[in-house]
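Since the structure comes first, as structure tokens, the remarks are kept for the end.
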Amino acid sequence: MKPSPRTLVLFAVLALLAAVPTLAAAFNQPFYLDLFRRIMIFAIAAASLNLILGYGGMVSFGHAAYLGIGAYAVGVLAHHGIHNGWLQWAVAIGGSALVALVIGAVSIRTSGIYFIMITLAFTQMLYYMGISIEEYGGDDGIRVAKLSQFEGLIDLANPTAFYYVVLALLAVVLLLVHRLVNSRFGMVIRAAKSNDARTRAIGFSPYPYRLAAFVIAGAICGLAGALLVNQTAYLTPEFMNWTRSGELMFMVILGGIGTTAGPLFGAAALLLLEDLLQGWSLLPKLVHNFWQFYLGIVLVLVVLFAKRGLAGLLRGSKDGADG
Amino acid sequence: MILIIEQILNGLQLGVMLFLMAAGLTLVFGIMNLVNLAHGALYMVGAYLATYFFQATGSFVLGVALALAGTLAVGILTELVALRTLYERDHLDQVLATFGLILIFNELIAMLWGRAAIYSALPEYLQGHLEIAAGLRYPLYRLLIIVVGLAVAAALWYVVVRTRLGMLIRAGASNRTMVAALGINIRLLYTVVFGFGAALAGLAGIMAGPIYAVQPGMGELVLIQVFVVIVVGGIGSIRGALAGALIVGLVDTLGRAFLKPFLATVTTPSAADAAGPALASMLIYLLMAVVLALRPEGLFASRG
């Protein structure tokens with residue numbers, strides 16, 4: 001099978017990402033190592049949302065919940081002196097999957113506006129829970145003094161080592177989502193998105209498939225949360241803020257909904273744009289101070305005029321939903 | 001006992017504010033099928049305009065009237081410029097575009113008035129307390145909110161149930177294609193309904209100003225509670241919005257007031273201290289989950 005232009009672009013981007021630590025060191029700009037690591041962590045989260053939003057048609061407005069669960073799993077265990085990374089990350093992934101199972105089991109019974117509202121409401125519930133637990137910092141959050149420990153294997157305190165861990169996980173997640181949506185399981189999910197009634201007519205009940213996708217997406221996003229709290233070394237309920245869920249959705253749309261590489265492009269585009277608006281010295285101070293105003297305008301314009309996102313540019317005039 | 005009555009009144013006061021927000025939002029959901037996250041922004045605009053006009057004119061009543069007109073104008077302008085193109089789009093587009101509008105509105109307000117909360121005063125004649133029963137003194141202004149809210153609810157009921165406009169609104173909520181097919185100018189109806197909802201949200205914001213913090217982002221805090229109201233009440237139903245708003249207002253207020261002391265009687269005080277506030281702030285979302293699990297269309301679904 002000849003790889004499509006988009007696959008080649010994805011490989012090229014991943015290769016470029018692999019070169020970032022060397023380049024950052026050569027130009028003595030460690031800031032970029034940090035920025036691109038952050039981009040890749042959000043790309044993992046966006047890829048998980050893309051699985052249910054882009055392929056499954058489930059407009060979850062509460063995906064930041066799993067980012068939070070993953071972060072809290074690591075932060076809370078670290079707070080109680082348990083620093084074993086394997087255990088922390090396993091709890092992050094397992095805990096997120098479990099929460100996704102509960103939220104999904106209730107939410108997926110509904111559809112349309114109700115689904116959007118109920119996923120939002122569940123995330124708000126977790127957000128307020130995070131805010132009100134004083135033991136773990138309440139709304140101020142707490143510092144995570146010691147990162148996840150992988151004795152003898154890898155030291156996350158080394159920025160470059162951590163960077164490559166995130167890059168490897170990103171590649172695995174993108175591959176996993178790609179394989180998943182092109183499997184029989186993924187076919188059912190996509191079929192149920194385009195026509196629920198016909199999917200039932202040919203003998204599939206969409207509910208368990210949707211729920212399974214929802215749980216897998218939650219688990220992957222939990223991993224992203226575990227990475228994120230190691231990135232910031234700070235645990236805060238803001239990870240679960242509803243605006244975070246909106247940002248994740250925007251990343252998926254911006255990159256190109258329902259495409260393999262879209263979440264990576266979207267995360268990169270949004271975070272780089274935010275970074276430029278906030279700090280680029282060529283822009284006037286007025287832009288830096290009110291950068292969200294300009295972000296809002298970009299958001300509205302993208303939704304109104306560039307529905308297929310960045311990946312849509314590569315796709316050309318051909319239209320097709322498969323990734 | 002007095003404490004309980006006082007908290008019930010507080011719950012009612014929150015409930016009618018939520019109702020003013022929910023009434024407009026549920027009609028926009030029900031008739032235009034639009035998920036409008038920016039509804040909270042109009043609440044914020046109302047609060048800022050009222051504070052500004054009260055200071056500028058020195059008259060509270062005039063300030064309220066100008067703020068109401070201003071919010072109506074901002075709402076209609078938003079509908080004409082941005083939201084109109086979204087009616088035919090899917091929910092995902094609507095959520096993202098109106099999310100963008102929230103950012104724009106919040107930053108515009110921050111540019112004009114700064115990010116810190118501004119002080120919103122009350123005229124002297126509204127500052128006192130009223131003795132409702134022996135030993136129960138309740139703030140006059142909060143009573144006024146309850147009265148205004150209930151009056152608006154009654155007026156809305158009259159408009160929706162007894163007038164031609166109300167008939168069109170109800171018809172639009174149950175089948176908008178059919179209404180358009182019968183020769184009604186549905187575009188105009190949309191703008192009227194949206195302006196209506198915007199003015200109500202503005203009114204809620206105007207009344208909220210003197211009791212809550214007036215700052216950028218204030219709309220989003222109440223917006224998410226309003227979503228809960230609408231989902232509990234049933235999308236597109238004014239009756240549902242009223243019932244949902246009062247239920248949510250009472251549950252939230254009473255939960256915050258009494259859950260902790262109640263838990264302290266069944267568990268240890270320290271456990272109640274830890275769990276009480278967390279549980280109280282989650283209560284309305286739990287309520288929503290239970291309602292949706294039992295009645296996925298809400299308590300008063302408008303569509304059969």
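The values are calculated or read from the model by the stated rules, or taken from the named source; none is laboratory data. Fair warning: this is a prediction, and the values are worked out from it, not measured in the lab. In this analysis, Cβ positions are derived from the backbone assuming ideal geometry, glycine residues included, and neighbour counts consider all displayed protein chains. These accessible areas exclude ligands, DNA and RNA; they are computed on the full protein's heavy atoms, side chains included. Shrake-Rupley method; radii C 1.70, N 1.55, O 1.52, S 1.80 Å.
Shielding of peptide A:291-297 by partners, expressed as the average count of other chain Cβ atoms within 10 Å per residue Cβ, is 6. Among residues other than B:R137 with Cβ under 10 Å from its Cβ, the summed charge is -2 (Lys and Arg +1, Asp and Glu -1). In the range A:5-242, the portion of solvent-accessible area held by carbon and sulfur atoms comes to 66 percent [1.4 Å probe, whole percent, DNA, RNA and ligands not counted]. Axis angle, to the nearest 10 degrees, between helix B:39-57 and the longest C-alpha principal axis of chain B: 70 degrees.
Suppose we look only past 37 Å in the calculated P(r) of the protein assembly as shown. What percent of the Cα-Cα pairs does that tail hold?
37 percent
The mean number of partner chain beta-carbon atoms within 10 angstrom of a residue's beta-carbon across peptide A:55-62 is 2.
Counts of other chain beta carbons within 10 angstrom of each beta carbon in peptide A:115-123 average 6.
Counting only protein heavy atoms and using a 1.4 Å probe, the accessible area of A:M240 comes to about 10 Å². Report, to the nearest 10°, how far helix B:238-266 tilts away from the longest principal axis of the Cα atoms in chain B, using its own Cα long axis and a range of 0 to 90°. Taking Cα atoms only, the helix is inclined about 20 degrees.
Rounded to the nearest Hz, the phi-derived 3J(HN,Hα) couplings of the range B:186-201 under the Karplus curve 6.51 cos²θ - 1.76 cosθ + 1.60 (θ = phi - 60°) are 6, 4, 5, 4, 4, 5, 4, 4, 5, x, 3, x, 4, 5, 5, 4, where x marks glycine and proline. Computed from protein heavy atoms with a 1.4 Å probe, the total accessible area buried between A and B is close to 3900 Å².
Solvent-accessible surface (1.4 Å probe) assigned to B:M178 amounts to roughly 110 Å². Tell me, what ³J(HN,Hα) does each residue in the range B:206-222 have, in order and in whole Hz, if you take phi through Karplus 6.51 cos²θ - 1.76 cosθ + 1.60 with θ = phi - 60° and put x for Gly and Pro? My calculation for the range B:206-222 gives 4, 6, 6, x, x, 10, 10, 6, 8, 8, x, x, 5, x, 6, 4, 7 Hz in order. When the square roots of the Cα gyration tensor eigenvalues are ordered a ≥ b ≥ c, the ratio a/c for the range A:5-242 is 1.5 or more and a/b does not exceed b/c, which makes its shape oblate. Overall shape: oblate for the range B:81-164, with the ratio a/c of the largest to smallest alpha carbon gyration tensor axis at 1.5 or above and b/c at least equal to a/b.
The angle between the Cα long axis of helix B:140-162 and the main principal axis of chain B comes to about 30°, on a 0 to 90 degree scale. Which of the three applies to the range A:119-179, rounded, prolate or oblate, going by the alpha-carbon gyration tensor with a ≥ b ≥ c and a/c under 1.5 meaning rounded? Oblate is the answer for the range A:119-179, as a/c is 1.5 or above yet b/c matches or exceeds a/b. Under 5 Å between amide hydrogens, built in the peptide plane, is the criterion, and for A:F150 it picks out A:G85, A:L156 among residues at least 5 positions away or on other chains. Estimated at the nearest 10 Å², the accessible area of B:L130 is 80 Å² with a 1.4 Å probe. Solvent exposure of the protein assembly as shown amounts to 42 Å² per residue of accessible area, where only protein heavy atoms count and the probe is 1.4 Å. Counting only whole DSSP H helices of chain A, the ones at least 24 Å long by C-alpha along their axis and with mean Kyte-Doolittle hydropathy no lower than -0.5 are A:5-26, A:30-50, A:85-107, A:112-132, A:159-181, A:206-232, A:262-279.
Close amide H pairs (under 5 Å, H built 1.01 Å from N) link A:Y234 with A:V144, residues at least 5 positions away or on another chain. Computed extension length for A:R198-A:K146: 13.5 nm, one decimal, from 0.36 nm per residue of separation with the Cα-Cα distance subtracted.
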